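What follows is a set of notes on a single structure, which appears directly below.
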Amino acid sequence: MATQLNLILLGPPGAGKGTQADRLRDDFALPFISTGDMLRANVKAQTQLGQAAKGYMDAGGLVPDDLIVAMARERLAEADAQDGFILDGFPRTVAQADALQAMLATMGRRITVVLLIDVPDEEVVKRISGRRVCAAHGHNYHVDFDPPKVAGICDQDGSELILRDDDKPEVVANRLVVYHKQTSPLIDYYDQRGVLSRVDGTRGPDDVYGHIRAVLSTLSREDDV
Ligand code: AP5
């Protein structure tokens, strides 16, 4: 499979972006770049960025654009991102999307597709309340919809499954408000640029992935144009 695929996963918190990204990175030789995972790693390591980001994350708000754009710019400049990428959780505001367009333009690159994983708020709440993540690498599970083989243990690396700090109900409610206000304008932004594909995220993870694969198989990639 060609690797020149510059893919963005867009959708509300808990839509299944991380779940689908896990499947995509198993099938495509592409780096998976999740700003949420990068921020959580910084919080864990107590870096300056992590200390600056923690308060926003714990409250369910967005970390300021300048911090996020600097972090993304650095990551996208790394060698492994030159042949394509899967972006999860970035961009999340119009200012971030503009910054990404500018970054890619300087590299002579373009976004291949933005996959909108569409899920209503009630479903988001159900999904997040049952989510468990692996402490070592952030692999995702759900106690009912996508359980691990052994309760509390990650199938992929055997580490403990934990609850995320920002998955408390009151924080989830704020994350949804923030999504509708600050991130959902990106749906029109990318639709107007002709790169948006909608995926019904309410189906099971395998069906959603089947739809994503079908969308990807119809795309022309950078090396085809
Ligand atoms: P981030 O980590 O990006 O969180 P998010 O976008 O809120 O998304 P989630 O990770 O909660 O959900 P997901 O869509 O990946 O769903 P998942 O696959 O886990 O960001 C966290 C925070 O960091 C932000 O709030 C912000 O503060 C900060 N941040 C990050 N990026 C930023 C940026 N660019 N700018 C500013 N701030 C930023 O699935 C959820 C559950 O559902 C799982 O249990 C899963 O097993 C289950 N599930 C998945 N798919 C299905 C399905 N099809 N059917 C049934 N269950 C399913």
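Taken together, the values in this text are just the output of simple stated rules run on the coordinates, not laboratory data. Just so it is clear, the model here is predicted, and its values are computed rather than measured. FYI the Cβ positions are ideal-geometry reconstructions off the backbone, even for glycines, and counts take in every protein chain you see.
Of note:
- Of the three principal axes defined by the Cα atoms of the chain, the extents in descending order read 46, 38, 32 Å.
- The mean sequence separation of alpha-carbon pairs under 8 Å and at least six residues apart, normalised by the residue count of the range 1-111, gives a relative contact order of 40 percent.
- In the chain, helical runs assigned H by DSSP with n ≥ 4 each contribute -39500 (n - 2.57); averaged across all residues and rounded to the nearest 500, the mean residue ellipticity at 222 nm is -13000 deg cm²/dmol.
- Between residue 177 and residue 79, the FRET efficiency from the beta-carbon distance, with R0 = 30 Å, is close to 0.20.
- Total lysine pairs whose alpha carbons fall under 23 Å of each other in the chain (8 or more apart, or interchain): 14
- DSSP-defined beta bridges in the chain - what % are antiparallel, rounded to 5: 30 percent
- Between the range 46-94 and the range 141-209, the alpha-carbon center distance in angstrom: 17 Å
- Counted by neighbouring Cβ atoms within 10 Å, the residues 153, 8 run from fewest to most as 153, 8.
- Here the calculated FRET efficiency for residue 118 and residue 162, from their Cβ-Cβ distance with R0 = 30 Å, stands at 0.60, rounded to the nearest 0.05.
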